[in-house]
Amino acid sequence: MITLAPARERSGSRVRIRYRVALRYEVDGPSDFIFLIHPARTAQQHVTGEALDVLPEADHAVETDLQSGNRLLKLRAGAGTLDVRLQACVDVVHHMARPEDVVAAAPAALPASTLRYLTASRYCQTDRLQQHAWSLFGGLPRGYAQVQAVCDWVRGHVEFRAGTSHPGTSALETFDTGIGVCRDFAHLAITLCRALNYPARFVTGVDYGADPSLGPPDFHAYVEVYLDRWYLFDPTGISPTTGLIRIATGADAADVSFATIFGPVRTGMPLLAFDAVEDAEAGVLRPRATPLAVSTALV
């Protein structure tokens, strides 16, 4: 049993996660690549170490999108084998609050920066699922518990099964079939939350804490929903919210593909590895499940 202190907000926890990404491509002619594999640098997420190798050497640049904070690695490669390897270490500081103390802003009171996440996007057909959303969750009071109910329903309605969806699978298809992978869980939860008038967005990271039976370590998709600030939700339930790092943020998967390729290229599966570091003296704790509302965004 976990007993919560009566304070409205809890002091944030701090975690440290190291991860490695290895990508290999067979390039048949001059091609351009845009990668989203670098950890975001935010007020809550500090990149304490980072090393990038591109083999063979090629001109490349890492640029930050000022609107999203996403860090894009851009490069051009000639024919041959291209290897891209990244090692990074990030410290994440969490804002935590008791769920019952989180007050959801009314639509008219939402910050202007959140409004783009209220409407339909490529994979999130809000208009097609709006009636279902209100039928399922409209009887619940607006707030954190209603959003959690959406994520719990998605977890119970959709079976996690690798290889059952494709890059074009939408929230509507996942709603109908009841199977998918993390991006499908995220798209469906985002769509239902937007239908209930919550700004909701798609975030990529790594699947820290996932059961090995689900497959090898991989990139992971989860959800942020705006209430009185952005809060983290993982409708798959495979990663604790305190173990979620931020690589890229967007309206849906169309905004945050880890690799966008222009040219004749044969691709392989990405290889990932990651681990958490515990340093009690420095106040760094291993990620763990918590009943508290967790946020890694300032607003």
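Please treat every number below as a calculation from the coordinates, not as lab data. If you're wondering where the values come from, they're calculated on a predicted model, not measured in any experiment. As a convention, Cβ positions derive from the backbone with ideal geometry for all residues, glycine included, and neighbour counts pool all protein chains shown.
A compact table of results
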quantity: Alpha-carbon centroid distance for the pair region 42-110 / region 244-299, whole angstrom; calculated: 8 Å
quantity: Calculated [θ] (222 nm, deg cm²/dmol) that DSSP helices of n ≥ 4 give over the chain, each run adding -39,500 (n - 2.57); calculated: -5000 deg cm²/dmol
quantity: Counted charge near Ala221, where neighbours are those whose Cβ lies closer than 13 Å (Asp, Glu -1; Lys, Arg +1); calculated: -4
quantity: Note, ³J(HN,Hα) from phi for region 210-227, Karplus 6.51, -1.76, 1.60, rounded to Hz, x at Gly and Pro; calculated: 5, 5, x, 5, 7, x, x, x, 8, 5, 9, 10, 9, 10, 10, 10, 8, 10
quantity: Peptide ranges 232-242, 154-164 listed from the most packed, as the mean C-beta count within 10 angstrom indicates; calculated: 232-242, 154-164
quantity: Where Rh is the Kirkwood radius over Cα pairs, Rg/Rh for region 81-221; calculated: 0.99
quantity: Top positive-direction residue, dipole computed over the chain with Cβ charges, set Leu36, Val15, Leu52; calculated: Val15
quantity: Nearest 10 degrees, 0 to 90: helix 182-195 Cα axis against the chain principal axis; calculated: 40 degrees
quantity: Estimated Rh, region 40-157: Kirkwood, alpha-carbon pairs, angstrom; calculated: 18.9 Å
quantity: Compactness index (Cα Rg / 2.2 N^0.38 Å), the chain; calculated: 1.00
quantity: Rounded to the nearest 20 debye, dipole of the chain from Cβ charges on Lys, Arg, Asp, Glu; calculated: 500 debye
quantity: Gaussian network model of the chain, Cα within-10 Å springs - most flexible of Ser213, Ser13, Ser31; calculated: Ser213
